[in-house]
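Before any comments, here is the structure.
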Amino acid sequence: PHAGEGHQRRRKEEQREKRMMTTQPSIEDPLRRKAPHWVPCTPIFALLLFSHFIPVAPAVATPDRPSHYAPTDTVLILGAVPQEIPPFVEAMATAGNNATTPATLWGVPYWRGRIHGTLPVVVAITGIGKTKTAVTLTLFLREFRPKCVLMSGTGARVNRELRTGDVVVATHLHEHDYGSLTKDKGMVYRPFNTNDLLGSEMPNDFSPSPSLLAIAKKAIASYIGPTVTLPSEDGGDVYQVTVRTGGVSSSDLFGVTGQRLHTLRTRFRTDIMEMESAPLAHACAMLGVPFLVVRAGSNVAQEAPNDDYLRLGPIAAKQAALFTLHVLDYLADSNDGITHVSQSSSRLSEGENNYADDEEEDKDVCVS
């Protein structure tokens, strides 16, 4: 009975997505359909034409150790909202750290202690959204010089195969709101620019530290997912949580249209959509700091997710944290490329995606 109810619920979700797609205005993709036309070859046009064919580098991978400071033993763990933090605080308290009362750093609450008896950690709440994530990350890098950064939390399910509580370890991350929103072309994406003197391009495609990802894959292979029970209004399904690698995309958008969901699946290979992980990856890539992102699916990605998120978010937050704690167990026993120095000072002086049903034309344009 539970399996039948779950199938019916997923069918309803798919039907709702199709209705969302059909209610979106059709935006023609001029890069595919319009006939080419001649443009006067002015110097500016020639420069633009030449720059269009300059290749953009592959995904930006972060290093296996920090590039710009001598790291301590500490692992920095970040969650966006308070419900994503308790399992880590409880793990510190179990280890006898008495870390139940947070300290603050420039008004940001954080906990400091040890997990699994030996691994020093700092756990902090970033707040929701891209700006708060980047600010909090930078502040805590400056203060604690961690050897790596882990982000744990929830995200809306873009991949239809994911269930509430299923976990994704991000192998590629994208910001899906960077570019120009146009009347005729829809969303026109473009690369980022670095902050060097030439303004060199940086692809909107980030990946974690290879060593951290390798540790996460070992953790996936040995993980026995807990059993979760959905609320009755969501079908009451009972199942075992699964963990996979996959894609995470971020923006400052809480809800999105069916058109954007289609773009997330087909262009960015997204499994989970949320508001913090890709900007964290972007900042870590700029600052040369190893990172790993663990996200568990909450509600189905949609235009108005608030009620579903409030109901399903706590389930997802707990499952993401439980798997992250499992990764930390491996990290505590491993020195696979995650090197560090003495902690005498705390200050500075791919998962499979099933997108076969997405046969409609992609409505957003990507300009490299």
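Largest accessible area first, the listed residues 174, 68 line up as 68, 174 when surface is computed with a 1.4 Å probe on the assembled protein chains.
Can you give the relative contact order of the stretch 72-333 as a percent, counting alpha carbon pairs under 8 Å and 6+ residues apart?
Working: 546 pairs, mean separation 72.7, N = 262.
After rounding, I find 28 percent.
Within the assembled protein chains, the solvent-accessible surface assigned to residue 241 is about 10 Å², based on a 1.4 Å probe.
Can you pull the Kirkwood radius for the stretch 114-253, inverse mean 1/r over Cα pairs, to one decimal in Å? Before the final figure, lay out the partial values.
Values: mean 1/r = 0.0546 Å⁻¹.
Hydrodynamic radius (Kirkwood, Cα pairs) of the stretch 114-253 is 18.3 Å.
Rounded, prolate or oblate for the stretch 72-333? Axes are the square roots of the Cα gyration tensor eigenvalues, ordered a ≥ b ≥ c, and the cut-off for rounded is a/c under 1.5. Don't jump to the answer; show the numbers that get you there.
Numbers: a/c = 1.67, a/b = 1.14, b/c = 1.47.
It comes out oblate by the Cα gyration axes.
For residue 111, the solvent-accessible surface computed with a 1.4 Å probe is close to 30 Å², ligands and nucleic acids excluded.
For the stretch 72-333, the solvent-accessible area with a 1.4 angstrom probe is 35 square angstrom per residue. Do the alpha carbons of any pairs in 132/183; 132/185; 132/217; 130/318; 147/217 sit beyond 26 Å of each other, and which pairs? With Cα atoms farther than 26 Å apart: 132/183; 132/185; 132/217. Across the stretch 240-254, computed HN-Hα scalar couplings (Karplus, 6.51 cos²θ - 1.76 cosθ + 1.60, θ = phi - 60°) run 9, 5, 10, 10, 8, 8, x, x, 10, 10, 10, 6, 8, 9, 7 Hz from first to last residue, x flagging Gly and Pro.
In whole percent, and with a 1.4 Å probe on the protein chains, what portion of the accessible area of the stretch 72-333 is carbon and sulfur? Within the stretch 72-333, the accessible surface is 55 percent carbon and sulfur.
The values are calculated or read from the model by the stated rules, or taken from the named source; none is laboratory data. Only a predicted model underlies this, so the values are computations on that prediction, with no experimental measurement involved. SASA here: full protein model, heavy atoms, side chains in, ligands and nucleic acids out. Shrake-Rupley method; radii C 1.70, N 1.55, O 1.52, S 1.80 Å.
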